Amino acid sequence: MSKTPLLEVKDLVAEVDGKTILNGISLTVNPGEVHAIMGPNGSGKSTLANVLAGRDDYEVVSGSVRFKGQDLFELEPEERAREGVFLAFQYPVEIPGVSNMQFLKASVDAVRKHRGQEELDAPSFMKLAREHCKELKLKPEFLKRGVNEGFSGGEKKRNEILQMALLEPSLALLDETDSGLDIDALQVAAEGVNALRNPERSFIVVTHYQRLLNYIVPDYVHVLAGGKIVKSGGRELALELEEKGYSWIQ
Amino acid sequence: MTPHDLKQQAQQQLAQQASLDWLSLPQKAQATFAALDMPTRKTEAWKYTPLTALLNTPYFAHTAAGQVDESAAADRLGQLGDVSRLVFVNGHLHPGLSSYSDLENQGIVTLFSNANDAQRELINAELGTAFEPQQHVFATLNYSCIEDGVLIQAPTDFKVQQPIQLVYLSSGEAQPALAQSRVLVYGAAGSSLELIEQYDSLGETNVFHNQMTEISLQPNARLTHLRLQVEHESLSQVNGLHVKLAAGSHYEQHALAFGSALKRNDININFNGSNAYCRLNGVFLSKHKQHIDNHLNLEHGVPHCNSDTVYKGFITDSSRAVFNGRIHIHKHAQKTEAHLNNKNLLLSKQAELDTKPELEIYADDVKCSHGASIGKLDDKSLFYFQSRGIDRATAEAMLCLGFVNEMVEQFPNTAVIELARQRLAEFFNDVDQLNHLWTLE
Ligand SMILES: Nc1ncnc2c1ncn2[C@@H]1O[C@H](COP(=O)(O)OP(=O)(O)OP(=O)(O)O)[C@@H](O)[C@H]1O
Ligand SMILES: [Mg+2]
């Protein structure tokens, strides 16, 4: 018996300024699955993640995406987030003047409200945020600072994981969350992800390094090249790629 | 009506009032004021300042503090903790709302009218010396008649623990009124002081507030100066701040200013001794049809002085803002390090901003930079908010607040930050276009 897919991407074509970047992507993610996407620089991995999250720089030319059975493109980016799509950015932006705590609270409030959960009062929220910080080995001072302001590369990535932990998404898109993390931080971040794994929640993990996949063990590995998925396989594909590079596929 | 009514009117009105008889300045100021023309659109420094309405309004100069609702007034003062406070209503001291007897007894805060001989001498020696009268016609108007004023004097090598809060409240009068007030701050050698100037109002006002603040810091004196200009938008104000810095002195200013019918700030910093430092940290906001004009002039006249100026502007609706920041490095001012930056958020097509950072350098061994930028809200940042479930309108509001807050959170006094945030909340409460900014290109 087949489950209803959480995410169903069909023949997705997207362009920017008339230049085709995603050139017919099809991908099905079932609840509970972890998919890794690898591929050369500029192949369209971040574009795919951003199109799914709703960034409007990209024009969707054709194809469809269904998320929990509904047309994802009908939803505004904030509605997608509330429905459970989460993008951990490859390059998180800095927002001086808005404290991380304010930002997280506004975000969690919006998402909880949509899900019919009651709003957390400030003290309970702060307690929760501090607990997650501790798990991710982020100092609580990070909550007081401007969003990502002056954070190191690795701190920004951990801040993304912190947000994911607070928002409890059903589909997390992790765009090179491992890049810029030291070995310990990588392990901490991976533990953060693994702690969230459950039979309903799915992950799409974009990475250049098979090392991450030792910690976050994927069900499927896809190779994206030239805006297309050119090869899919199991976990062993990542090892093969590490050994041989991408040229043998293309 | 001729555009020079304000001048005639003011001269007639002020002639009926008496200055303190021991002051030498008013007579000189009267002569200068009489000889000067009021600025017009053709006066370079006033090119963008809409003075017509002001110059055509028959203001009367009134002689006593206006009637105020004391509890409403008390509500506006904020909770700044242990401070000495002087409250002026339309230019006149309101004793009931003020409390500064400790510092008065120590001779740190003195009304001109209570000055002893030594203080009179100091006032006569210092007042009117931090600027060029020919270039500041409203300053000469202010000094044409001096019924009273405030002298703040930090004694040699003395750290004044209690911040001094000066509150200028503007309220409605039966007729348009001219309110003039003035402060002289004298930091003796090695002293330190914190001054909080709060320009506020009790609802709508038809007052034209002409304010003068002069600051003289002696060697190694320090002043932390916080300024909130958060009055009702019906106010008109011309505000002159002139600072003299002796060797090794340290002047740090943090300012938040809202636009109004007319608001004009002239800030003039004079480096007179080496190793002095000045930091100007400001943010101005204008909305509706408000106007705000910021003119900063830093005169680096001696070597080895540093200045850092960062001003941010938030301009929306059909308001208009001006930023003019000039660093002038004189020939002998070697080893100066001076930086000035003005960053603006312009959120509406109908809004207008004129920004002009100027650098004039006549010395060859200096490090200087100046720059200005005008932008709108950043798409990537907005998307970041949205990708976390926050709707577009909230994201925009939060980004706007963040832009302003980045400056306000640097204020070195948490109670003043709190007060600033209360006023900012009032300001942002009714920005007409905050909800549909994204329809703009
Ligand atoms: N907004 C944009 N405007 C123009 N070109 C874009 C834009 N966004 C992406 N591209 C181009 O699309 C291609 C795919 O970019 P994308 O960021 O998706 O690659 P990637 O696979 O994530 O690469 P990397 O491994 O380096 O992160 C690149 O050639 C990139 O230059
Ligand atoms: Mg990428």
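Given the pairs A:45/A:137; A:157/B:312; B:335/B:356; A:105/A:156, which span a C-alpha to C-alpha distance of over 21 angstrom in this model?
With Cα atoms farther than 21 Å apart: A:45/A:137; A:157/B:312; B:335/B:356.
Given the options B:242, B:254, B:136, state which has the largest fluctuation in a GNM of chain B using a 10 Å cut-off (strictly under) for Cα springs.
B:136
Could you grab the relative contact order for chain B? Cα pairs under 8 Å, six or more apart, rounded to a whole percent.
Relative contact order of chain B: 10 percent.
Report, as an integer, the average count of C-beta atoms from other chains found within 10 Å of each Cβ along A:87-97.
Taking the mean over all residues of the peptide, I get 5.
For the protein assembly as shown, list log₁₀ I(q)/I(0) at each q in 0.06, 0.09, 0.12 Å⁻¹, using the Debye formula over Cα point scatterers of equal strength and ignoring solvent, two decimals each.
Relative scattering, expressed as log10 I(q)/I(0), comes to -0.45, -0.84, -1.19.
Ignoring ligands, DNA and RNA, what percent of the 1.4 Å accessible area of chain A is carbon and sulfur?
47
Would you mind checking segment A:37-73 for residues with the amide N under 14 Å from a putative spin-label position 7 Å along Cα→C-beta of residue A:11?
Under 14 Å, as judged by backbone N against the label point of residue A:11, lie A:61-65 of segment A:37-73.
Run the numbers for residue B:339 and residue B:426: contour at 0.36 nm per residue of separation, minus the present Cα-Cα distance, in nm.
Length gained between residue B:339 and residue B:426: 28.1 nm.
Provide a whole-number value for the mean count of partner chain Cβ atoms within 10 Å of the Cβ atoms in peptide B:376-386.
6
Aspartates and glutamates within cross-link reach of residue A:144: Cα-Cα under 20 Å, excluding same-chain residues under 8 positions apart?
Result set, ordered by chain and number: A:94, A:109, A:121, A:131, A:135, A:155, A:160, B:406, B:409, B:418.
How large is ³J(HN,Hα) for each residue in segment A:107-116, as worked out from phi by the Karplus curve 6.51 cos²θ - 1.76 cosθ + 1.60 (θ = phi - 60°), to whole Hz, x for Gly and Pro?
After applying 6.51 cos²θ - 1.76 cosθ + 1.60, I find 5, 5, 4, 4, 5, 5, 4, 4, 7, x Hz.
Highest mean first, what order results for A:201-209, B:10-18 on Cβ atoms within 10 Å?
So the peptides A:201-209, B:10-18, ranked by packing, come out A:201-209, B:10-18.
In Å² (nearest 100), what accessible area is buried between A and B, both sides summed, heavy protein atoms only, 1.4 Å probe?
Buried surface at the A/B interface: approximately 2000 Å².
Can you tell me what share of the DSSP beta bridges in the protein assembly as shown is antiparallel? A percent to the nearest 5 is fine.
15
Show me, bin by bin at 10 Å from 0, the whole-percent P(r) of chain B based on Cα pairs.
The percentages, shortest bin first, are 4, 21, 32, 28, 12, 2, 0.
For chain B, what does -39500 (n - 2.57) per DSSP helix run (n ≥ 4), summed and divided by total residues, give at 222 nm, in deg cm²/dmol to the nearest 500?
Only helices count here, giving -6500 deg cm²/dmol.
Sum -39500 (n - 2.57) across every DSSP H segment of at least 4 residues in chain A, then divide by the residue count to get the 222 nm mean residue ellipticity, nearest 500.
-11000 deg cm²/dmol
Run a plain Debye calculation on segment A:7-248 (Cα atoms as equal point scatterers, no solvent) and give log10 I(q)/I(0) at q = 0.09, 0.11 Å⁻¹, rounded to two decimals, same order as the q list.
-0.37, -0.57
Keeping all protein chains in the complex and leaving out DNA, RNA and ligands, what accessible area do you get for residue B:332 with a 1.4 Å probe, in Å² to the nearest 10?
For residue B:332, the solvent-accessible surface is approximately 130 Å².
The values are calculated or read from the model by the stated rules, or taken from the named source; none is laboratory data. Just so it is clear, the structure is predicted and the values come from calculations on it, not from any experiment. Heads up, the Cβs are rebuilt from the backbone with ideal geometry, glycines too, and the neighbour counts pull from every protein chain shown. Heavy atoms of the whole protein, side chains included, go into the accessibility calculation; ligands, DNA and RNA do not. Shrake-Rupley method; radii C 1.70, N 1.55, O 1.52, S 1.80 Å.
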